[in-house]
Amino acid sequence: MKKAVIAVTVLCWVPLWGQQANAPDLAAQNTALEQRVRDLEERLIAVEGKIRMLQSTQAPAQPAAEAQPAASAAEPVPPAQPQVPVEPAATSPIQGQSPVVNTGGNLPNYGGASSAAKALNPDISVIGDFIGAAGNSNVPPLATQQPFPSLQMHESELGAQAIIDPYARGDFFISFGEEGVNLEEGYITFTALPAGFVAKVGKMRSAFGKVNMMHNHVLPWVDRPLVTTNLVGGEDGIDDAGFSLERILPAPKGIFLEATGQVFRGDSGDVFRAESRSDVSTVDHLRGYKDITESTNLDLGFSYARGHNDATLSDGSFGEFVTQLFGIDATVRWKPLRRSIYHSFVGRGEFIWSQREQLPSDQHAFGFYTSGDYQFGRRWFAGARFDYSDRSRYGNLTDKGVAATLTYWPSEFSQVRGEYRFTHYAENRDSHEVFMQLIFSLGAHGAHPF
Amino acid sequence: MLTTKQFVLGVIAAALLLPPWAAAKKLSIVTATTDMAALTQEVGGDRISVDAIAKGYQDPHFVEAKPSFLLKLRQADLLIVVGLQLEIGWLPPLITQSGNPRIQVGAAGYLDASQFAEILEIPQGVVTRAMGDVHPLGNPHYWLDPDNGRRVAKGIAAKLGELDPPDSSYFQERFQDFDKRVSAAEQKWDAEMAPYRGRKVVTYHNSFTNFAKHFHLDVIGYVEPRPGIPPTPSHTLDLIGLMKRENCKLVLVEPYFDLKTPNSIGSATGAKVLVYLPSVGGEKQVTNYFELFDYDIDLLKKGFQ
């Protein structure tokens, strides 16, 4: 009985106590509720983030433990779960690998939206290069210059690029001319080697100077300089199957020094020709770079290439003749950071010496170009180039020329360029030509190295 | 001629001669932008060293992939990116060339900070280039909301603790402290901005969305007809008409854009044209995350008065 009374008394008091507490507590309850809403909001944002990351890395159903090759357009992201490995090299293969959809350079691109649908596809791009030409080309028979026809779909470059696994990425560039198809480049890059090495294996444009590395659509001109066509194989250049190893070297503070060593089969246009398996060619490149100010920088390179050439003995068979090329390239860039999208200047020059063994006597040739390109508006560029070059097979024949260009970008994905070119050939022939070029790009094309 | 054997031996010799990364005492961190560096510095304190690639007054969409950045990247233990394809035009080749396996995409030392933040304007449906440089994953200028700053700082603190477990409680403490300071600052900022709730502004590029959402401003248009596409006369005329109809009196311009078109819009509509800072370091005196908001809110207050 006593217990019951106490219980009833307590029960009666509970609501009273509750009422008393109610008034001052209302605010506190509200705050607590608001806090809960905020917490939920935070959790929602965190979950959304995780979903975004998962979508962009899209684990394939199987094999579950294998690294999945690139998702598509998405920025890469490690899954949000804690990653155990702390060791530098311990890139866990379970972590999602993602696509490096890079773009930029001259014609940057973005990947599509439906990343999930294309999760495992590489980034695919096509770049069209249309050239129209007028004027007299008047190319002498012994000259190396290839005249452009009046109207030509000069090149359609198909790019397919993706991260292969946590240790490597792959890049393919297949160029379609109007008739033939050519593997311009196709290589794997090992990005996770020890001691800072980066290796490439496949077919690639060799690291001889600057212009040799450039695809047509990133050139600052419609054509290539005379020295490139006369001494370094022209449009295709030294572009061969082999492997490449590069590493950043220790250097005084603020200086970037990088060495590249490459070994190729030894077949590159009219520069190198391999008759036997031992006729491999090599290309070595040393690059130094320094920021002079935050807007101005200087880039210097030294190149050396050696390989067997196509010179024949008197009986018509190939001799063991060797071509050696020495090159110096220099680039000055200026781009004020606050107005970087409006104004810039690039000055370039390459100086190349060629020593070609052949009968009856070895040929020594020298050539260079210098050029300047100024960006005077967000979409406008003007440039000029001076050319001078001997011919590798006839060291005593010298061609000279000048060119002027005007470039307009309707957007970042297309480019219209006009070029006037004057060439004075060694045979005392002159040519005056005008070119119009239209470059347009589809899809996600990787940014080209600086 | 180099034989294969010589080549392999050369590689091994070089690898032995040049010892791999020495286990650094301080975590070395590189961030894509100054804002990520500022947040990292807040939680990392003196146990880390942090460097940003892009400058605060530079358009983060168009940064040159200079080799000098590789010198920083090759040593880095952690690379923090803004993500959402903001750096897509310049960062990927730098990562590939860095020769640093730790910061490769997907490795433990690669952190995409966008995963922690509230992302606005994620396009629905098909994205094409006819829309300009639209970011298919959402608006990447998310750090201009202090709540996102807090979220990103929390994520970075967790990542730092993961890479440097002995210091993980230190990073957590620093985050708690940052959290408190941001909350206090937010109260002040919210109060300062409260009188201007719902005010209409125009910005040059679509970089103001998160700021506008947090402080309840209304961005009614952009000087760019589409993201990344320079102003056109017809769009400018449309914008002037819109601003007159909506009685919009403020044009905000990022420090890396030309002021010619904004100024002519200003004189046609009577609107003020102000250069606002989207990033830490946009002006010399703005050296951390708090000063960024102080600067912009001061500017807006003057603009609205």
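The values are calculated or read from the model by the stated rules, or taken from the named source; none is laboratory data. If you're wondering where the values come from, they're calculated on a predicted model, not measured in any experiment. Heads up, the Cβs are rebuilt from the backbone with ideal geometry, glycines too, and the neighbour counts pull from every protein chain shown.
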- So how many residues does the stretch B:39-88 have that are in a helix (DSSP H, G or I), more than 7 Å from chain A (Cβ to nearest Cβ) and of a type outside the set (Val, Ile, Thr)? 10
- From B:His205, B:His135, residue being crowded, with 19+ Cβ neighbours inside 10 Å, touching a strand residue (DSSP E or B) at 6+ places or on another chain (Cβ under 8 Å) and modelled with pLDDT under 95: B:His205
- Item | Hey, A:Ile163 facing chain B (nearest Cβ under 10 Å), in contact with a Gly (Cβ under 8 Å, 6 or more places away or on another chain) and in contact (Cβ under 8 Å) with a residue 24 or more places away in the chain or not | yes
- Being touching a helix residue (DSSP H, G or I) at 6+ places or on another chain (Cβ under 6 Å) and within 13 Å of chain B (Cβ to nearest Cβ), is that true of even one residue in the stretch A:232-247? yes
- Item | Within the stretch A:263-284, considering residues that are more than 17 Å from A:Leu300 (Cα to Cα) and outside any loop (DSSP other than H, G, I, E, B), the one modelled with the lowest pLDDT | A:Ser268
- Look through the stretch B:103-113, keep the residues that are facing another protein chain (nearest Cβ under 7 Å) and either touching a residue at least 24 places away in the same chain (Cβ under 8 Å) or in a helix (DSSP H, G or I) (or both), and return whichever of them is farthest from the chain's Cα centre (by Cα). B:Ala108
- Task: Kindly indicate whether B:Asp164 is assigned by TED's automatic domain parsing to the domain that holds B:Leu78, among the charged types (D, E, K, R), farther than 28 Å from B:Asp77 by Cβ and in contact (Cβ under 8 Å) with a residue 60 or more places away in the chain.
- Result: no
- Message: Restricting to the stretch B:114-131, name every residue that is at the interface with another protein chain (Cβ under 8 Å from one of its Cβ atoms), over 15 Å from the mean Cα position of the chain (by Cα) and not in a helix (DSSP H, G or I).
- Response: B:Pro123, B:Gly125, B:Val126, B:Val127
- Note on the structure: Residue count, the stretch A:138-174, condition in contact with a Lys or Arg (Cβ under 9 Å, 6 or more places away or on another chain), in a strand (DSSP E or B) and more than 20 Å from A:His215 (Cα to Cα), comes to 1
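Considering only helices (runs of 4 or more DSSP H) fully contained in the stretch B:189-305, which possess at least 2 residues that are closer than 20 Å to B:Phe62 by Cβ? Give the steps one after another, and end with the answer.
Working: elements: B:209-214, B:233-246, B:260-269, B:289-304.
Per the criteria, B:260-269.
Among B:Asn100, B:Asn139, B:Asn148, which is under 28 Å from B:Phe293 (Cβ atoms), polar (S, T, N, Q) and either facing chain A (nearest Cβ under 9 Å) or out of contact with any Leu (no Cβ under 6 Å at 6 or more places or on another chain) (or both)?
Values: B:Asn100 fails: under 28 Å from B:Phe293 (Cβ atoms); B:Asn139 fails: either facing chain A (nearest Cβ under 9 Å) or out of contact with any Leu (no Cβ under 6 Å at 6 or more places or on another chain) (or both).
When all the criteria are applied, what remains is B:Asn148.
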- Message: Among the residues of the stretch A:250-262, are any outside any strand (DSSP E or B), farther than 30 Å from A:Pro336 by Cα and touching a His at 6+ places or on another chain (Cβ under 9 Å)?
- Response: no
- Filter the stretch A:394-414 for residues that are without any contact (Cβ under 8 Å) to a residue 60 or more places away in the chain and not in a strand (DSSP E or B) and give the result. A:Gly395, A:Asn396
- Message: Is it the case, given these coordinates, that A:Gln375 is buried (at least 20 other Cβ atoms within 10 Å of the Cβ) and without any contact (Cβ under 8 Å) to a residue 40 or more places away in the chain?
- Response: yes
- Which one is farthest from B:Leu27 (Cα to Cα) among residues in the stretch B:158-182 that are within 13 Å of chain A (Cβ to nearest Cβ) and crowded, with 18+ Cβ neighbours inside 10 Å? B:Ala158
- Could you run through the stretch A:276-295 and say how many residues are within 30 Å of A:Pro336 (Cβ to Cβ) and touching a Leu at 6+ places or on another chain (Cβ under 9 Å)? 9
- Return yes when A:Gly96 is modelled with pLDDT under 85, touching a Leu at 6+ places or on another chain (Cβ under 9 Å) and facing chain B (nearest Cβ under 9 Å) and no when it is not. yes
- Of the conditions (1) more than 22 Å from the chain's Cα centre (by Cα); (2) closer than 21 Å to A:Asp240 by Cα; (3) at pLDDT 90 or above, the single one that A:Phe318 does not satisfy is (3)
- Test set (1) within 14 Å of chain B (Cβ to nearest Cβ); (2) surrounded by fewer than 17 Cβ atoms within 10 Å (Cβ to Cβ); (3) not in a loop (DSSP other than H, G, I, E, B) - A:Val346 fails condition number: (2)
- Item | Test result for A:Asp362, farther than 18 Å from A:Leu226 by Cα and not polar (S, T, N, Q) | yes
